[in-house]
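Below is one structure, written out as structure tokens; the observations come after it.
The values are calculated or read from the model by the stated rules, or taken from the named source; none is laboratory data. Values in this document were obtained by computation on a predicted structure and should not be read as measured data. Heads up, the Cβs are rebuilt from the backbone with ideal geometry, glycines too, and the neighbour counts pull from every protein chain shown. Each accessible area value is taken on the protein alone, full model and side chains, heavy atoms only, with ligands, DNA and RNA left out. Shrake-Rupley method; radii C 1.70, N 1.55, O 1.52, S 1.80 Å.
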Protein chains: 2
Amino acid sequence: EGEEQVQVFLDAVEQLEASELGLLLESLPVSERRALWPHLPHEARVDVLVAMRVEARDTLLSVLEPAQMDQLLDDLDAESLIELADNLSEELVDQALARMDSQQRTWYRESQEYDEEQIGRYVDHDVVVLPPNARVAAALRMLRRYQSAFTDRAYVVNRKGVWLGEVTLHALLQAEPDTPVRHCLDDEVVPIPADTPVLEAADRIEHADMSMLPVTDEGGRLLGRMTVRLGMEIVREHYEGQLMASAGLDEEADLFLPVWRSAKRRALWLGINLLTALLAAWTIGLFEQTLSQVVALAVLMPIVASMGGIAGSQTLTLIIRGLALGQVTPGNALALCRKEIGVAVLNGIVWAAVIGAVTVLWFGSQALGGVIAGAIVINILVAALAGVVVPMVLDKLEIDPALSGSVILTTVTDVVGFFTFLGLGTAFLLG
Amino acid sequence: EGEEQVQVFLDAVEQLEASELGLLLESLPVSERRALWPHLPHEARVDVLVAMRVEARDTLLSVLEPAQMDQLLDDLDAESLIELADNLSEELVDQALARMDSQQRTWYRESQEYDEEQIGRYVDHDVVVLPPNARVAAALRMLRRYQSAFTDRAYVVNRKGVWLGEVTLHALLQAEPDTPVRHCLDDEVVPIPADTPVLEAADRIEHADMSMLPVTDEGGRLLGRMTVRLGMEIVREHYEGQLMASAGLDEEADLFLPVWRSAKRRALWLGINLLTALLAAWTIGLFEQTLSQVVALAVLMPIVASMGGIAGSQTLTLIIRGLALGQVTPGNALALCRKEIGVAVLNGIVWAAVIGAVTVLWFGSQALGGVIAGAIVINILVAALAGVVVPMVLDKLEIDPALSGSVILTTVTDVVGFFTFLGLGTAFLLG
């Protein structure tokens, strides 16, 4: 069976891009990944590793034999080292740097000036750079030799490397051969500052409808370019991160992370949830006396908490999306609150009536029906308010609302739900 | 204050792209959108509408005066009509078609051969198309005249319009002027079939690392191109759809959809949730007798349900991501189950011990501590199993697991949690 799998893998290597091979290796249990790795051609290894998630990559790198690691270090350029540096010891990074030429080393060092959330870290250098006095004929010659993805333009910089503008292949083709390129310069292109957050940079390139944009440092010096392909990767990773964060997981999480480490990683989220569940339980505990007299309250109380949780998460999700797109601001917060509370009033009344009626039929008590209806209305209202306010406050505090928004919201709707329902029950159903 | 807002808006119109103006209008309450609309220059209106979400767009289109609608229809080409058709009556679509030239009309009709989830619907026609015998000099002349985004290549088709290959600007620049372009043909580019699902097409273009790919119908005829920019939009919309679906919302949902319609839309999701909450309540109701004797069970039962829900949603989220990336298949399902159950055993035991100990301290009953610990272990195990199986079954049934996965999972963990906890309580705690 092992041999058969190797054959399937070798066929895949023939047919797939490095990025697809990375996904394929990630989808296999760790032992199989390690068994197939030696069958991967040497020249593809760096690209495949770069395409994998940090954790999945680590399952291979951590067991590499010294000779193999040695070869890998030989094959690293600045861009791949930037990606893999997280997985390598400082010593190995230094070794890789020592084997690069000085240009690559400079590029690596430049990238380290920016953090993981800034576009300057991920700049690529596949660009044709020209001085303003270069002739059109020479520029065309250079672009012709240059066979890279998305290269239909060259960047023009002055002697200090400061960005002046770009010339497109189109403009060059229309100009006389001995014109200096500065005469065909398009200086309307606005470079992306290297300290721009990656997601903002992706937005910029999407809205600009360009295949590439220049990236400059704070002195206006050209560092390299950002391609629309990179923008696409950034968008994908951002949203995957949001989806994973909603369950307390990391975007880099490995599908087949070893059980022990996986459990450890997830324990934290379970622990946080336990604290909020204990808070809810404590709230219920305040009403032990009532519960022992009216058991129906215990039967019905999860309904109140859950309806509040669902209504709140609808508002929360809408607001989180709006925040991410810059569509929710202090300027329209009040109008949004008003609208969400309007929705909550309508749905609160409708579902309170339905649940109240079900309760009366089930338990034959009009008072109990009234109590649960009141609690539902209040909890759905509070949920809507929290759904707007919680993510806005988190955003203000620079905490990602996708990560902690729903925990906080659920805590609010659980505690408020149990408290109002059991509180109203204590007031109206006892004695 | 109104005038000031108009001035801010006019400044924005000067500075922003149509796609950004669309976002801006969406972020305003409906009445303000409608007040600002007349200040938007006519030539920008179609692009801004196209950039907006279906529902937000409708808040403007539904109140357009006949004369304004008339002008809008004049400005529509095939691509913008494809986007706006959902918002227009059949009659208006026919009027718009009648005003187009026959080429645009053909493009529109071709696009309607494919549904909203197929890339053929969104093909763009900004391409230079050449016959195989065209000379290099003529091809260069055409490309030079062509000033569009991402045009650094031309497509070559035979007399019947069947795709033969592409020629890049680079290849043309290196060839002799009177060579026929068929000699510089790159026939390694694989066109995207027009019935390909949009998300798959976006993956293709990302992995191919190309700025554009040709799209062909089933007869191999060239329909047009897909750009990487479109791929980026598709990816963004897909993930937004997933995030919104997790709260039962639509990706096209308007932040400021009128209260009445918004409430109606969300009511369905609340209703579905109510059914699952009633099921949970019914489960609790089976143990009324027990609850009336041991009230502590009522206090603690939300903890059991909630720990199961959280553990399950972690597994669910990981599996949904894997399914979306094609990394979870029947081939590795068993290995994934084994791993997730391993994680559940570890975390189940750890948290059962913690919660058991808290319970003993809180209520002074070792038996109660044992009962809750047992229920936690069982519920976390069931949650892990459901977290793998539920999304895989939904995917098999072609139901989006991002939409219904978490409702089903929570129902399982609530019912199992309440049942095992109260069941164990009945068995071991009653006099």
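Could you check which residue among A:ILE82, A:ILE355, A:ILE376 shows the biggest mean-square fluctuation in a GNM of chain A with a 10 Å Cα cutoff? Per the Cα network of chain A with a 10 Å cutoff, A:ILE355 tops the list.
Centre-to-centre, using Cα atoms only, region B:145-206 and region A:104-156 are separated by 25 Å. Does the protein assembly as shown come out rounded, prolate or oblate by the C-alpha gyration tensor, with a ≥ b ≥ c the root eigenvalues, rounded set by a/c under 1.5 and, if not, prolate when a/b is larger than b/c and oblate if not? The shape class here is prolate. Inter-copy label distances for A:LEU10: 7.3 nm (label point placed 7 Å from Cα along Cα→Cβ; shortest first). Averaged over the residues of peptide B:205-211, the number of Cβ atoms from other protein chains lying within 10 Å of each residue's Cβ is 6. A Cβ-based charge dipole, computed about the Cα centre of region A:305-431 with Lys and Arg at +1 and Asp and Glu at -1, lands at about 240 debye. Shielding value for A:228-240 is 5, the average number of Cβ atoms from other chains within 10 Å of each residue's Cβ. Can you find, among B:SER31, B:ILE355, B:LEU323, the residue sitting farthest towards the positive end of the charge dipole of chain B, where Lys and Arg contribute +1 and Asp and Glu -1 at Cβ? The Cα lying farthest towards the positive end belongs to B:ILE355.
Between B:SER89, B:SER19, B:SER211, the residue with the greatest mean-square fluctuation in the GNM of chain B (Cα pairs under 10 Å linked by springs) is B:SER89. Once both labels are positioned 7 Å from their Cα atoms along Cα-to-Cβ, the gap between B:GLN293 and B:ALA35 label points is 6.8 nm. 3J(HN,Hα) along region B:104-116: 4, 4, 4, 4, 4, 4, 4, 5, 6, 5, 10, 8, 5 Hz, from the Karplus curve 6.51 cos²θ - 1.76 cosθ + 1.60 with θ = phi - 60°, whole Hz, x for Gly and Pro. Based on C-alpha pairs under 8 angstrom that are at least 6 apart in sequence, chain A has a relative contact order of 13 percent. Think of each Lys and Arg Cβ as +1 and each Asp and Glu Cβ as -1; about the Cα centre, that makes the dipole of region A:2-113 roughly 180 debye. Taken residue by residue and averaged, Cβ atoms of other chains lying within 10 Å of the Cβ of B:346-355 number 4. Using just its DSSP H runs of length 4 or more, each adding -39500 (n - 2.57), the protein assembly as shown gives a mean residue ellipticity at 222 nm of -22000 deg cm²/dmol after division by all residues. Under 5 Å from the amide H of A:GLY224 lie the amide H atoms of A:VAL215, each residue being 5 or more positions distant or on a separate chain, with H modelled from the backbone and absent for Pro and chain starts.
Our note on the geometry: Cα centres of region B:399-431 and region A:299-329, 23 Å apart. Computed from Cα atoms alone, the Kirkwood hydrodynamic radius reported for region B:5-108 is 14.1 Å. Straight-line cross-link partners of A:LYS264 among the aspartates and glutamates, defined as a Cα under 19 Å from its Cα and at least 8 positions apart when in the same chain: A:GLU55, A:ASP58, A:ASP250, A:GLU251, A:GLU252, A:ASP254, B:GLU340. Only alpha carbons enter this Debye calculation for region A:217-285, each as an equal point scatterer, and the log10 of I(q)/I(0) it gives at q = 0.14, 0.15, 0.18, 0.28 Å⁻¹ is -0.68, -0.73, -0.84, -1.16.
Computed in the context of the full set of protein chains, the accessible area of the protein assembly as shown at 1.4 Å probe radius has 55% of its extent on carbon or sulfur. Ignoring the sites themselves, chain B has its longest run without trypsin sites (Lys or Arg not before Pro) in a DSSP loop having at most 14 other Cβ atoms within 10 Å at B:161-431.
Sorted from longest to shortest, the spans of the Cα atoms of chain B along the three principal axes equal 98, 58, 36 Å.
Label point of A:GLU188 (7 Å along Cα→beta-carbon): distances to the other copies' equivalent points are 3.6 nm, sorted ascending. Distances between copies at B:PRO41, taken between label points 7 Å from Cα along the C-beta direction, are 5.3 nm in increasing order. What list of ³J(HN,Hα) couplings, whole Hz, do you get for region A:338-345 from phi and the Karplus terms 6.51, -1.76, 1.60, once you set θ to phi - 60° and write x for glycine and proline? Values, residue by residue: 4, 5, 5, 5, x, 4, 5, 4 Hz.
Dipole check for region A:160-308: with +1 at the C-beta of Lys and Arg, -1 at the C-beta of Asp and Glu, and the Cα centre as origin, the magnitude is about 840 Debye.
For the residues A:TRP107, A:TRP260, A:TRP37, a GNM of chain A with alpha-carbon springs under 10 Å puts the largest fluctuation on A:TRP260.
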